[in-house]
Amino acid sequence: MKREFVSKSLADTIRIGEEIAKLIPLGSVIVSSGDLGAGKTALAKGIAKGLGIDDTINSPTFVIIKTYEGNKANFYHIDAYRLETEEELVDIGFDDILGEANSISYVEWGQFIKPHLNKVKKNLYSIKIQILDNYDRKFVLEDIYE
């Protein structure tokens, strides 16, 4: 599967996230990449909303991982930007949540933990975010393997 979306606003980005939450199966891991300010966290807000989560979603930069419980599924929001070692991934319980059946895991800056993602054997997706101009963004969702 390959899907492309274009956002012209924050509201569009959140709607795209909601649509993605409906497109992919529970137990999936989404690895996002894009420049600072591209919309990674805004997309996370939409995915969480699509899972029935009403909590405020913000960047987990300093805590690395945030867990949200929804009425449809759990949402794990991970910021891998500051992770430097395999040990740090183990310490935050990364292996325990990857591919959890009733959840979606969303990893910002997934390129920093790419080798570790080999443990995910199905339902692994990438989303690349490209800034087109000040407000417009292009989101490309692809399955790495389903």
Problem set entry | Between helix 40-50 and the chain: long-axis angle, C-alpha atoms, 0 to 90°, nearest 10 | 90
Exercise. What does the convex hull of the Cα atoms of the chain come to per residue, in Å³, rounded to a whole number?
Worked result: 95
Seminar exercise, completed: To the nearest Å², the heavy-atom accessible area per residue of the chain with 1.4 Å probe amounts to 52
For this session: Two decimals is fine: what is log10 I(q)/I(0) at q = 0.26, 0.27 Å⁻¹ for the stretch 33-113, from a Debye sum with one equal scatterer on every Cα and no solvent?
Result: -1.35, -1.41
Exercise. So who's got an amide H within less than 5 Å of the one on Gly27, skipping anything under 5 residues away but keeping other chains? H placed 1.01 Å off N, in plane.
Worked result: Ser103, Ile104
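Count charges around Ser59 for me, please; just the other residues with Cβ under 14 Å from its Cβ, Lys/Arg as +1, Asp/Glu as -1.
Every neighbour counted, the sum reads +1.
I'd like the FRET efficiency for Leu23 and Tyr135, computed as 1/(1 + (r/R0)^6) with the beta carbon distance as r and R0 of 22 Å, rounded to 0.05.
E(calc), rounded to 0.05, equals 0.40.
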Exercise. Of Thr67, Ile47, Gly93, which is farthest along the charge dipole of the chain in the positive direction, counting Lys and Arg as +1 and Asp and Glu as -1 at C-beta?
Worked result: Ile47
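Which length gain, in nm to one decimal place, applies between Lys72 and Glu142 when the Cα-Cα distance is subtracted from 0.36 nm times their residue separation?
Contour length minus the Cα-Cα distance gives 22.9 nm.
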Exercise. In degrees between 0 and 90, to the nearest 10, how far off the longest principal axis of the chain does helix 10-23 point, with axes built from Cα atoms?
Worked result: 50
For this session: Starting at the first residue of the stretch 52-62, write each ³J(HN,Hα) from the Karplus equation 6.51 cos²θ - 1.76 cosθ + 1.60 with θ = phi - 60°, in whole Hz, x for Gly and Pro.
Result: x, 9, 9, 5, 6, 9, 9, 5, x, 3, 8
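The values are calculated or read from the model by the stated rules, or taken from the named source; none is laboratory data. If you're wondering where the values come from, they're calculated on a predicted model, not measured in any experiment. FYI the Cβ positions are ideal-geometry reconstructions off the backbone, even for glycines, and counts take in every protein chain you see. Areas reflect the complete protein model, heavy atoms only, side chains present, ligands, DNA and RNA absent. Shrake-Rupley method; radii C 1.70, N 1.55, O 1.52, S 1.80 Å.
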